[in-house]
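Trainee: Quick one: this structure, given as structure tokens, is what I'll be asking you about.
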Amino acid sequence: MGKVTVPKIKKMKNKKMITALTAYDYLTARILDEAGIDLILVGDSVGTTLQGLDSTIPVKMEEMLYHVRIVKRGVKNALLVGDMPFLSYQTSESDALKNAGMLLKEGAEAVKLEGGVRIAPLIEKMVSYGIPVLGHIGLTPQSINVFGGYKIQGKTEDKAKMLVNDAIALQQAGVFSIVLEGMPEEIAKEVTESIEVPTIGIGAGRFCDGQILVITDVLGMDPTFTPRFVKKYRNLYKEILDATKEYITDVENKKFPSEEHVFHQKKETS
């Protein structure tokens, strides 16, 4: 397929399921890119996955710039999207444009913002300045204090209608795709069928135009966190734990390093 671009993602609706994962470092990004993933998101989920935070709210703009910069070095074909962290776009239009532009300067090819009707005018302005935007509605982690936690959205008829209206507003504002998070799949299906841009689901059921998950969840890095919507494809927690224990045992018993792992001084010949 070659290099994935914003126009290619838009054209995938009803033609090809979009595959997306998060990445926060060079090596992981390189592996995902080699595997053929369509979209890599440098998410503000770095706060809860790599930084040990309880939410994404404390993640700083400079941290997102750093992670976008290093992830970019491992990406050749996937579309690279940078997340805009809390208060990087809510304070003013000028702040939003500046921060989004900084993400693009570091290598992102698009940015992701949370919110619907309320931020549609801002997104329209960003798109008009040449900044591609990936929308995000439903369970928006930067709003967990308003929601009272990580709760499924759109359960009532009125709230479901609000999600459809949000999606339509984002489409009109010019987003190239919308992430649908944490909602009944019936609502996600309705949203997906109501708009012409593709939807990418996370905890939104089977009828979106693509799926995205957090890479550490996919790899089973944290045994204490297993959301219902996550499929763990590997148990790297156990693999890393076992490997570390073997290393400790080998070092303590002087089995490592062995002959194959050491250097020897070369003898000089006269």
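Trainee: Along the positive direction of the dipole of the chain (beta-carbon charges: Lys, Arg +1; Asp, Glu -1; about the Cα centre), which of THR91, LEU39, THR28 reaches farthest?
Mentor: Toward the positive end, the furthest listed residue is LEU39.
Trainee: Just want the answer: with Cβ charges of +1 for Lys and Arg and -1 for Asp and Glu, which residue in GLN142, MET183, PRO7 is farthest toward the dipole's positive end in segment 6-237?
Mentor: PRO7
Trainee: Work out, step by step, the length gained on full extension between LEU50 and ASN253: first 0.36 nm times the residue separation, then minus their alpha carbon distance; give nm to one decimal. Walk me through the numbers on the way to the answer.
Mentor: On the way: separation 203, 0.36 × 203 = 73.08 nm, distance 3.24 nm.
Fully extending the segment from LEU50 to ASN253 adds 69.8 nm.
Trainee: How about segment 37-145: which chymotrypsin sites (Phe, Trp or Tyr not before Pro) there are in a DSSP loop, with at most 12 other Cβ atoms within 10 Å of their Cβ?
Mentor: Here the sparse-neighbourhood loop sites are TYR129.
Trainee: Using every Cα-Cα pair within segment 6-237, state what percent have a distance larger than 28 Å. Walk me through the numbers before you get to the answer.
Mentor: Values: 6014 of 26796 pairs.
Beyond 28 Å sits 22 percent of the P(r) for segment 6-237.
Trainee: Which residue fluctuates the most in the chain, going by a Gaussian network model with Cα springs under 10 Å, if the choices are GLU106, GLU252, GLU193?
Mentor: GLU252
Trainee: Another question, if that's okay. Name the long-range amide H neighbours of LYS112: under 5 Å, sequence gap of 5 or more, or other chain; modelled H, no Pro or chain starts.
Mentor: Answer set, sorted by chain and number: GLY82, ASP83, MET84, LEU134.
Trainee: Additional query: Once label points are set 7 Å from the Cα along Cα→Cβ at both ARG228 and LYS159, what is their separation, rounded to one decimal in nm?
Mentor: Taking the two extended label points, one gets 1.3 nm.
Trainee: On to the next question. How large is the charge dipole for the chain, taken about the Cα centre, if only the Cβ atoms of Lys, Arg (+1) and Asp, Glu (-1) carry charge, to the nearest 20 debye? Each step should come with its number before you reach the end.
Mentor: Working: 34 positive and 35 negative charges, 121 e Å.
With Lys and Arg at +1 and Asp and Glu at -1, about 580 debye.
Trainee: For the pairs LYS16/LYS232; LYS8/LYS232; LYS125/LYS159; LYS11/LYS125, note any where the Cα-Cα span goes beyond 25 Å. Walk me through the numbers before you get to the answer.
Mentor: Working: LYS16/LYS232 23 Å; LYS8/LYS232 28 Å; LYS125/LYS159 27 Å; LYS11/LYS125 23 Å.
Those over the limit are LYS8/LYS232; LYS125/LYS159.
Trainee: Given the peptides 76-82, 161-167, arrange them by the average over their residues of other C-beta atoms within 10 Å, most packed first.
Mentor: Details: 76-82: 22.7, 161-167: 19.1.
So the order, starting with the most tightly packed, is 76-82, 161-167.
Trainee: Determine the alpha carbon to alpha carbon distance for each of LYS76/LYS112; LYS72/LYS161; LYS60/LYS105; LYS72/LYS155; LYS60/LYS245 and list only those over 26 Å.
Mentor: Working: LYS76/LYS112 20 Å; LYS72/LYS161 38 Å; LYS60/LYS105 17 Å; LYS72/LYS155 38 Å; LYS60/LYS245 35 Å.
Table pairs above 26 Å Cα-Cα are LYS72/LYS161; LYS72/LYS155; LYS60/LYS245.
Every number in this text was worked out from the coordinates using simple rules, so none of it is lab data. Computed from a prediction, not measured in an experiment: that's the story for all the values here. Please note: Cβ atoms are built from the backbone with ideal geometry, for glycine as well, and neighbour counts cover all protein chains shown.
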